[in-house]
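Asker: Sending over a structure as structure tokens; questions will come in a sec.
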Amino acid sequence: MGAYKIAIIGYGGFGQFLHHAWREIGQLELVAVSGRRRSPRIPVEVSYYSDWRELLRRERLDIAVVATPPATHAEIACYAMERGIHVLIEKPLATSLEDAERILATAERTGVRATVDLMMRYNSILSGLREVTREGLLGKLFRVDVENYAAGDSLPPEHWFWNWDLSGGILVEHGVHFFDLVHFLSGKIGVKKVSGSLGQTGERVDRMAAQVLHEGGLISTHFHAFTRPGFFEETRVVLVYDLATVELSGWIPMEGRIQALVTAEVLEGLRARLPGFHVEEEVPVGTLGDVSRPEGWGDEWPLPPAPGQRVLSGGREYEVDVLVRGRFSLPGTKAEVYAGCLRALMEDFLRHIEDPSHRMRVTLEDGLASLRVALGATADALRG
């Protein structure tokens, strides 16, 4: 690969973090940034523009990174693509389906490369769970539950996040990460039904929920509240399979725990796919008591199977040997893992620029799919 001249349009807090995350990619040269004000963190060799149009007209660029409020993404991205500049767009892709489809159509017509920053697809815990899910090691995934309690009171009332004309609302601006997480783990399954609800503190909508019925019967629920101080943020994602329950911690998953019915072969598969996996407890299924009905409940309930026998779960038969409880985790801090995901995304994008036949882990179509769910749930919430 050669050197790529890039500009970051929207050099606020996140734009600066992108710059920080990509410093180690030797093929990138940041030549210009745009923002509402000139940050003192802009390197002296980097040009600053208050007007992103002027930046795109004057600078000779290979890549433009769009990290502005969501409602502006389509205009900036399409303007750049019309000038032959590749674009990486911060999530969400846009705030309307019309704008998102305009981005896809412009990329197709101009032939430039474009993608969207759904960087959780580059988290190795989620990559491992994707393999586990696709290979059916834990049976069928039929339930996903997301609970996200995020920092919100630190954002002033005039911040663009609270302005739905700019952000699209919580499910659009933030929820797309988690709608995409479900799509990433389960594959490109369709969506049959979406519903939503919201809660307010005064005039401010700071809580939103969505329920999604996917083709094949998978049901996912998503709750996001921007009500807590930053030091008290908390995110849990629970994945329920026929043979396992997996709980992830952190909006960027850093660790998790699992309880599963497995064979020795499946257990080795988990060790190979989940980073830092270790077993805390292993119990032969033949020694487990059935607690689904209390003592004295009518006829005797069947005993658990002996190891190597088959069990019925989710209407399907599986061979199991042991009940295993274990944990897995990523090394490093949240900031290090976050930056690592962003580096992997950019490196994947550079490979796609070099080789158009290379299929990126995240595409514009993925951004459109998650936005479609977010907009559907938001519209239902507003109907009350």
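Asker: Provide the gained length on full extension for the span Ala272 to Thr363, in nm with one decimal, where the gain is 0.36 nm per separating residue minus the Cα-Cα distance.
Answerer: My answer for the length gained is 30.1 nm.
Asker: Given a Förster radius of 45 Å and the C-beta distance between Ala264 and Ile25 as r, what FRET efficiency does 1/(1 + (r/R0)^6) yield to the nearest 0.05?
Answerer: With R0 = 45 Å, the Cβ-Cβ based efficiency is 0.60.
Asker: A further question on this structure: Give, as a single signed number, the net charge of other residues whose beta carbon lies under 10 Å from the beta carbon of Glu280, with Lys and Arg counted +1 and Asp and Glu -1.
Answerer: +1
Asker: What is the pair-distance distribution P(r) of region 317-384, computed from all Cα-Cα distances in 10 Å bins starting at 0, with each bin given as a whole percent?
Answerer: 14, 21, 24, 29, 11
Asker: Suppose every Lys and Arg Cβ carries +1 and every Asp and Glu Cβ carries -1, with no other charges. What dipole size does the chain come out with about its Cα centre, to the nearest 20 debye?
Answerer: In debye, rounded to 20, the chain gives about 980.
Asker: Further question on the same structure: Taking a label point 7 Å from the Cα of Glu354 along the Cα→Cβ vector, which residues of region 39-81 have an amide N closer than 19 Å to it?
Answerer: Counting only backbone N, you get 62-64.
Asker: Output the peptides 79-92, 243-256, 188-201 sorted from most to least packed, where packing is the average of other Cβ atoms within 10 Å over each peptide's residues.
Answerer: 79-92, 243-256, 188-201
Asker: For semi-axes √(5λ) of the Cα gyration tensor in Å, which listed value, [x] 35, 27, 17; [y] 42, 23, 19; [z] 32, 30, 18, comes from the coordinates shown?
Answerer: Checked against the structure: label [y].
Asker: Here is the link list: Lys140/Lys334; Lys5/Lys188; Lys91/Lys334; Lys91/Lys188. Which ones come out longer than 28 Å on Cα distance?
Answerer: The pairs that break the limit, which is 28 Å between Cα atoms, are Lys140/Lys334; Lys5/Lys188.
Asker: Let me ask something additional. Given a Förster distance of 25 angstrom, what is the FRET efficiency for Arg383 paired with Ala105, based on the Cβ-Cβ distance and rounded to 0.05?
Answerer: For Arg383 and Ala105, the calculated efficiency is 0.30.
Asker: Return the distance in nm (one decimal) between the two label points of a simple spin-label model at Phe17 and Ile189, each offset 7 Å from Cα along Cα→Cβ.
Answerer: Distance between the two pseudo-spin positions: 3.0 nm.
Asker: Shape of region 213-268 from its Cα gyration tensor (a ≥ b ≥ c, root eigenvalues): rounded if a/c is under 1.5, otherwise prolate when a/b > b/c, or oblate?
Answerer: oblate
Asker: Check the straight Cα-Cα distances from Lys192 and name the aspartates and glutamates below 15 Å, setting aside those fewer than 8 residues away within the same chain.
Answerer: Excluding near neighbours in sequence, the set is Glu215, Asp380.
Asker: Please work out whether region 94-187 counts as rounded, prolate or oblate from its C-alpha gyration tensor, where a ≥ b ≥ c are the square roots of the eigenvalues and a/c under 1.5 means rounded, while otherwise a/b larger than b/c means prolate and anything else oblate?
Answerer: oblate
Asker: Compute the distance from the alpha-carbon center of region 149-179 to that of region 196-258, in whole Å.
Answerer: After rounding, the separation between the Cα centres reads 15 Å.
Asker: Expected output is a single nm value to one decimal: the length gained when fully extending between Arg38 and Asp153, i.e. 0.36 nm times separation in residues minus the C-alpha distance. What is it?
Answerer: 38.8 nm
Asker: For the chain, what does the helix formula give at 222 nm: sum of -39500 (n - 2.57) over DSSP H segments with n ≥ 4, over the residue count, nearest 500 deg cm²/dmol?
Answerer: After summing the helix terms and dividing by the residues of the chain, the value is -9500 deg cm²/dmol.
No value in this document is a laboratory result; all are computed from the given coordinates. In this text the structure is predicted, and so the values were computed from the model without any measurement. Don't worry about glycine lacking a Cβ; one is built from the backbone with ideal geometry, like all the others, and counts go over all protein chains shown.
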